[in-house]
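S.K.: Sharing a structure below in structure tokens format, with a few things to ask.
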Amino acid sequence: MALLLPLGMRAQSDVAFTNYWALQGYYNPASSGLDENLNVQAAYSLQLLGFEHAPATMYVGADMPVPFLGPRHGVGVGFLNDEVGLFSNQKFYLQYAYHHPLKGGRLSFGARAAMLSEKFDGTKVDASDPGDPVFSSSEVNGTSFDLDGGLRYTYRNVWYAGLSAMHCLAPAVKLGDDKVNEVQMDPVFYATAGYTFRFRRPDLVLYTSGILRTDLVAWRGDVTARLAYSGEKFKMYGGLTYSPMTSVGLLLGTTFQGINIGYSYEMFTGGVGALYGTHEIVLGYTTDLNLFKKGKNRHQAVRFL
């Protein structure tokens, strides 16, 4: 009788990108349209490489100001595909942000409407009892609506701080036609911050940032430092990221013809060890949306903050 009861599953924690600093539109909807540019970001993360059915995550997002409403309004769109084991999780979202000038900076409020899709591939289940009704023997899927929100304060190009929350509705995605199984999404909260250090040499800049994630049960924190060089012929950066009791990572990147390309490797300091780490690639592109600005066709690298 117990096996015939509906099966409740807790959703995996949202993906922790190593290059979180480059994907701020994903972590906080209040980051949409902060400047006059169209910003496009993409990332592909291979986690626990070497294990069967290891997590693999792809993300693509874009944000921009709304030209006919003015610089105080920003919009964004994004898609996330996260595959872990026999589960496939997808998220498609639209977001809006309002930016209000405050004491030399801007206070931003953001909201996001998201559609979640969950799929479980029961054809690959290796159960001791093939007839166990708890496990589906076919592919089952379901969808649900969700809301995210956030706020952020940006002081010029010097520093920023933000708070955001995902899965504010705590949706339960029911799977299959009979809706026997469901995946429960718990709210996840984020705190982000960053500070830019500039030197006497204008071609060198040190970017520092941090993020704290928690579902009020477990938590993870990351701190990152990146030294960027901007020369006449090329631009590049290198840095380190550290997550206490979890991992340490190396970051490298360059800009080529207006496209920022970055790579990182995250080594776990405990558990599976350094050999089964996370490889991650990020891409970024920025172009000016001001059609009347002089040199409007000039392309620039993706923003660092």
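The values are calculated or read from the model by the stated rules, or taken from the named source; none is laboratory data. On a predicted model such as this, the values are computed, not experimentally measured, just so you know. So basically every Cβ, Gly included, is an ideal-geometry build from the backbone, and we count neighbours across all protein chains shown. To get the accessible areas, we keep the full protein, side chains included, count just its heavy atoms, and leave off ligands, DNA and RNA. Shrake-Rupley method; radii C 1.70, N 1.55, O 1.52, S 1.80 Å.
S.K.: State the number of residues belonging to region 214-229 that are over 20 Å from residue 48 (Cα atoms) and either in contact with a Ser or Thr (Cβ under 6 Å, 6 or more places away or on another chain) or open to solvent by 20 Å² or more (accessible area, probe 1.4 Å) (or both).
M.R.: Matching residues across region 214-229 total 9.
S.K.: Yes or no: region 109-119 includes at least one residue that is at pLDDT 90 or above, open to solvent by 60 Å² or more (accessible area, probe 1.4 Å), farther than 19 Å from residue 22 by Cα and of a type in the set (Ser, Thr, Tyr).
M.R.: no
S.K.: Among the residues of region 180-204, which ones are touching a residue at least 40 places away in the same chain (Cβ under 8 Å) and either aromatic (Phe, Trp, Tyr) or open to solvent by 40 Å² or more (accessible area, probe 1.4 Å) (or both)?
M.R.: 180, 182, 186, 190
S.K.: Could you count how many residues in region 230-254 are at pLDDT below 90 and open to solvent by less than 30 Å² (accessible area, probe 1.4 Å)?
M.R.: So the count comes out to 1.
S.K.: Continuing with the same structure: Just wondering, is there one or more residues in region 145-168 that are open to solvent by 50 Å² or more (accessible area, probe 1.4 Å), among the polar types (S, T, N, Q), at pLDDT 70 or above and farther than 30 Å from residue 209 by Cβ?
M.R.: Within region 145-168, none of the residues are open to solvent by 50 Å² or more (accessible area, probe 1.4 Å), among the polar types (S, T, N, Q), at pLDDT 70 or above and farther than 30 Å from residue 209 by Cβ.
S.K.: Give the residues of region 75-105 that are in contact with a helix residue (DSSP H, G or I) (Cβ under 7 Å, 6 or more places away or on another chain) and at pLDDT below 95, sorted by residue number.
M.R.: 86
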